[in-house]
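Asker: Just dropping this structure here.
Every number in this text was worked out from the coordinates using simple rules, so none of it is lab data. Small disclaimer: the values here were computed from a predicted structure and weren't measured. For neighbour counting, all protein chains shown are included, and Cβ atoms are generated from backbone atoms with ideal geometry for every residue, glycine included.
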Amino acid sequence: MITTVLRSVQQTQVQLVRQQLVRTALLSLSAVLMCALVLLVAGAPKGWTVSTVLVAPLAWVVLARRTAWPSVQQAALWVEERAISDARARASGVSSDFALVTCVELLADGREVTPALLTAAEQVLARSPVPAALSARRRRRWGGPLLFVTLAGVLLAVVVRRSEAPVLRAVGGNAAGAGSTSADAAVAPLGAWAVRVIPPAYTAQAPRSFGDATSVVALTGSRVDVRGDGAAPSVQEQRVGDRTSTMRDVEERHGAWRTHAVADSRPTSMTIARGGRSRLLVIEGHPDSIPTVMLQLPARDSVFREATGRLPMLAVLRDDIGLAQAQFELIVTSGEGERFTVRTVTAGAAVWPRGAVRAARITGTLDLAALKLQPGDVVHLRAVARDAHPGPARALGSSETRAFRIARPSEMDSVAVEPAPPPEVDTSLLSQRMLLMLTEKLDKAQRRMARPEVVRESLRIARDQARLRLAVGDVVFQRLSGESSAEHAHYAGDGHEHGVDQQGGKLSMSTSATTGMLEEGNDSPVVAINQPLLEAYNAMWDAGRALEQGEPHAAIPPMKRALEAIERSRAASRLYLRGRPPQVIVDINKVRLAGKDTGQQTTRSSREMLPARAAARDSRLLTVAPLLQREDQRSAARDSLVLLRAEALGDAPAFAAAIARVLRVVEQGGDATASLVDARRALGTVVRTTVVPWSRGVPP
């Protein structure tokens, strides 16, 4: 609830800042258009007119410094003013008590908020017409500058067209008689081009135009067309990782040229050269992912005494491009020993037009009687989906499998139940320590391993961590409520008390379980013993999420917390909580200054050297950095950075992302020093943490 109030006000603040940024940009653009228009009307040289582009950042800097950007408290005050100014609020006589502003200030400072104040803040948010007020403010603040920019742009286009009309007519009249014009065009340096991406036909997506781009991201199999003016250049294509390159055919027609390439799963670089100058175009292809399927109903496996009844089936499907068809698949296995038969039944089939639906739901009913099941038969149920990809070896998207078994009569003969031994936490402790050692070993070795291999080993450890987490969860629930599963939903008011609630995959102590935890005659000390196990369960959840994402370094801290929590649980299970423990008296005089100086100094351990590939990339980055300061080498340095990023996409995604930030700074014309330093840190896996201030707000 607290997070909802603060998030709502922060979203309103983002909208207010965004409106202010757009208004500042429009005013800056207005200044540029006005300067260019004045220079053109005054007959100034063309170079002066082009130099007016420098007015835009100058005007933006001036306006940005004079602009007061709204804070979170100001956004909350703005929302509260809208709530008071609403017609219904005025009619009912509602007045401002600054509840929302006070609540946001307390939340921003990290202090506690009373339930009454939080309720009042929620009432203000519910009463305030924020979307309508933001829309009205947007029209009011953008309307005038946008109208001025439109009129100035139209007027500037008219003036430019009139000033260039005589020149165009003169060039057109002398084109036939000047023999040197075509020769100059043949050797003219390569100028701007236009890039157009045509997705595969099965996606049913419209082509996209990127203009004069240096890198494009396209679906694997897309056709990338590059067009330009003048004579045909030479085009050389090379895929990242290949040492050889191929020459592409270039089509020349009516004073323009055209070439194309096909996006592959690996990044492709195209070097286009003419007139002694060359440019680089990088094509990043990403594959079409298979559909994701989640089976929601039935929710769990079951055993039936008789083959009767109807079970509802529900599956949720998603795809990045579009679903083609989906259905429920039932595999019925019968018999035992050498007589074993298998049959497949489908149900709930659905078909969609190509590229029309990206998310859908399919439903059906599993009729056990219609399947004519016998005792001992097992029905395996899953949902499968297919997209429109035409590949013959295209994999299906499938959900987890549910199993339903028909019990044999012999299983009901005896009612004797053998008591299960108490769960052993020592086994969990040993397994968690082994998983921690494996993760630390993988973290040290990932620099020498390829990225797919690191992800594969990380997923293997994640599966073992998930099995151990389920075992710890079973220990908790067996002690609290006698249940043996921690994976079904637990929530307040579900009709039975567990002592533990499940929220977002993690477990937390419920209010009823923590009340009177240490009172005499209460069974709640069992809950106190399981408190470390709950912490271990949640830490294992965090570690599993990091391992599933292929980040073993991020999984080590939660795994250590889980190991420490299990050790505390072992110690807690030996405490006798009925009586008061004896008071431990420490002899200060005996303990103080009891240590001995060994006379040895700890030496700093030397850092490991970068791998050969990372060292080569670092050398290339150091070579490119000085070239960014020179105007004549800036374009070549940018192409080198683009090529370096394309090579790092496969095995070093963090370094590729850092290079992308450097390219954005270079394209904006800013200082790339800080971005280059971050890129070198990402290459060397160096992470700088921010300084944590003290409680008084002063850094140490």
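Asker: Rounded, prolate or oblate for region 612-683? Axes are the square roots of the Cα gyration tensor eigenvalues, ordered a ≥ b ≥ c, and the cut-off for rounded is a/c under 1.5.
Answerer: Prolate shape, in that a/c is at least 1.5 and a/b is the bigger ratio.
Asker: Using +1 on the beta carbon of Lys and Arg, -1 on that of Asp and Glu, and nothing else charged, what's the dipole of region 612-683 about the Cα centre, debye to 20?
Answerer: The calculation lands at about 140 debye.
Asker: Exactly which trypsin sites (Lys or Arg not before Pro) in region 628-688 are in a DSSP loop and have at most 14 other Cβ atoms within 10 Å?
Answerer: When the trypsin sites (Lys or Arg not before Pro) of region 628-688 are filtered for loop state and at most 14 Cβ neighbours within 10 Å, 630, 688 remain.
Asker: Starting at the first residue of region 108-123, write each ³J(HN,Hα) from the Karplus equation 6.51 cos²θ - 1.76 cosθ + 1.60 with θ = phi - 60°, in whole Hz, x for Gly and Pro.
Answerer: These are the phi-based 3J(HN,Hα) values: 5, 7, x, 8, 6, 10, 6, x, 5, 5, 5, 5, 5, 5, 5, 5 Hz.
Asker: Something else: Taking 0.36 nm per residue of separation and subtracting the Cα-Cα distance, what length does fully extending residue 247 through residue 365 add? Intermediate results must be reported in sequence, preceding the final value.
Answerer: Values: separation 118, 0.36 × 118 = 42.48 nm, distance 5.83 nm.
That works out to 36.7 nm of additional length.
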